[in-house]
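These notes concern the structure reproduced below.
The values are calculated or read from the model by the stated rules, or taken from the named source; none is laboratory data. This one's a predicted model, so the numbers in the text were calculated from it and none came from an experiment. Note that we place each Cβ from the backbone using ideal geometry, even for glycine, and neighbour counts take in every protein chain shown.
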Amino acid sequence: MTELVTSGHEAPSGWRVAVLGGGAWGTALALAMLRAGHFVRLYARDPETVAAIDRGENPRYLPGIALQPGIVATTDIAAALDGADCVLAVAPAQALRAMLAGARHHVPSGVPLVLCAKGIERDTGALLSAIVEEALPNNPVAALSGPSFATDVARGLPTAVVVAARDADLAADLAARFSAENLRCYSSDDLVGVEIGGALKNVFAIAAGAVTGAKLGASAQAAMVTRGFVELRRIGAAFGARPETLMGLSGLGDLLLTCSSAQSRNFAYGLALGQGKPLAGLPLAEGVPTA
């Protein structure tokens, strides 16, 4: 099944959700979990980030956005994970393995770990789900993906995403629990397809930004995105992804968003590349190591 809508099902609430990552996306997802009725603990390595979140802001990553009360932030990963019913892993793809090494002894056995970053491990070529399954063999893995900017989710603007797991029932349960008034979650049992779509669109977003930065025109931009999607489907098929998954939110939807807006760090990276600007010091673009 692919992208099953969760409307019509009453969403259970009251889970204890641990969010591992205090950047823009981690903070935005923590807010989304609060709105869905959950109790949220957020782990961040930086004490200043924790202190800022406790004050109701995260100016380094989400400037100008007030955070509603309720997020319990901590630099203690064991405290964040204590008693968790679900874990959202929001570390960048290339940092996931190291984060799991520090967390693995504290993650309660059997609780789902939901990947919220997009990418492929550079050194091994592994999908992120494979890294989780290696580090935490007793925890089911899922992924949350789709066209979603952190600032939009943090502000509570309407957004639709996909929650995928190999177990269709788990995916549907997570999607129901995560859905809120302005966050529409669909479910899928094509975990590989959702991961591939999220990872590869970052690469094509860099290319789209480069086309725009080099002022090659709207026709070239459209051609690049269209042919990029063809390549995405071919690579996805090689990994075993279902075509209908890549036609959905986590493939085509995410590609359209990130290839058309400088809010995307990958598009912004490509834009600077196309303009011939220095790339050092730019925000992290996951599409670079994925490529």
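Among (1) surrounded by 23 or more Cβ atoms within 10 Å (Cβ to Cβ); (2) out of contact with any His (no Cβ under 8 Å at 6 or more places or on another chain), where does LEU136 come up short?
Only one criterion in (1) surrounded by 23 or more Cβ atoms within 10 Å (Cβ to Cβ); (2) out of contact with any His (no Cβ under 8 Å at 6 or more places or on another chain) is unmet by LEU136, namely (1).
Hey, can you tell me all the residues within the stretch 110-131 that are within 23 Å of ARG45 (Cα to Cα) and out of contact with any helix residue (DSSP H, G or I) (no Cβ under 7 Å at 6 or more places or on another chain)?
VAL111 - this is the single residue of the stretch 110-131 that is within 23 Å of ARG45 (Cα to Cα) and out of contact with any helix residue (DSSP H, G or I) (no Cβ under 7 Å at 6 or more places or on another chain).
Kindly indicate the residue of the stretch 140-158 that is among the polar types (S, T, N, Q) and within 18 Å of LEU246 (Cα to Cα) and also surrounded by the fewest Cβ atoms within 10 Å (Cβ to Cβ) among those meeting that condition.
Checked the stretch 140-158; the qualifying residue surrounded by the fewest Cβ atoms within 10 Å (Cβ to Cβ) is SER148.
Hey, can you tell me all the residues within the stretch 85-96 that are among the aliphatic types (A, V, I, L, M) and surrounded by fewer than 21 Cβ atoms within 10 Å (Cβ to Cβ)?
Correct list: ALA95 only.
Here is a check on your reading of the model: is ARG166 under 30 Å from PRO63 (Cβ atoms), more than 13 Å from the chain's Cα centre (by Cα) and not assigned by TED's automatic domain parsing to the domain that holds ARG234?
So ARG166 fails the test.
Look at VAL87 and say whether it is of a type outside the set (Ser, Thr, Tyr) and either touching a residue at least 40 places away in the same chain (Cβ under 8 Å) or over 20 Å from PHE178 (Cα atoms) (or both).
Spelling it out, VAL87 is indeed of a type outside the set (Ser, Thr, Tyr) and either touching a residue at least 40 places away in the same chain (Cβ under 8 Å) or over 20 Å from PHE178 (Cα atoms) (or both).
If you check GLU231, GLU286, which single one turns out to be of a type in the set (D, E, K, R), touching a residue at least 24 places away in the same chain (Cβ under 8 Å) and surrounded by 20 or more Cβ atoms within 10 Å (Cβ to Cβ)?
That would be GLU286, the only listed residue that is of a type in the set (D, E, K, R), touching a residue at least 24 places away in the same chain (Cβ under 8 Å) and surrounded by 20 or more Cβ atoms within 10 Å (Cβ to Cβ).
Quick test for you: out of VAL132, VAL114, pick the one residue that is part of a strand (DSSP E or B), among the aliphatic types (A, V, I, L, M) and modelled with pLDDT of 95 or more.
VAL114
Taking only pairs six or more apart or across chains, which ones have beta-carbon atoms under 9 Å, a first residue in the stretch 10-24 that is over 17 Å from LEU67 (Cβ atoms) and modelled with pLDDT of 95 or more, and a second residue that is among the aromatic types (Phe, Trp, Tyr) and not in a strand (DSSP E or B)?
none
All but one of (1) part of a helix (DSSP H, G or I); (2) in the same structural domain as ALA272 (by TED's automatic domain parsing) hold for ASP173, so report the exception by its number.
For ASP173, the failing item is (2).
Yes/no matrix, rows are residues, columns are (1) among the hydrophobic types (A, V, I, L, M, F, W, C); (2) in a loop (DSSP other than H, G, I, E, B); (3) in the same structural domain as ASP254 (by TED's automatic domain parsing):
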residue: GLY26; (1), (2), (3): no, no, no
residue: LEU34; (1), (2), (3): yes, no, no
residue: ARG45; (1), (2), (3): no, yes, no
residue: GLY64; (1), (2), (3): no, yes, no
residue: VAL72; (1), (2), (3): yes, no, no
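Considering every residue within the stretch 206-225, establish whether at least one is in contact with a Pro (Cβ under 9 Å, 6 or more places away or on another chain), surrounded by 17 or more Cβ atoms within 10 Å (Cβ to Cβ) and either without any contact (Cβ under 8 Å) to a residue 60 or more places away in the chain or not assigned by TED's automatic domain parsing to the domain that holds ILE131 (or both).
Looking for residues that are in contact with a Pro (Cβ under 9 Å, 6 or more places away or on another chain), surrounded by 17 or more Cβ atoms within 10 Å (Cβ to Cβ) and either without any contact (Cβ under 8 Å) to a residue 60 or more places away in the chain or not assigned by TED's automatic domain parsing to the domain that holds ILE131 (or both), one finds none in the stretch 206-225, hence no.
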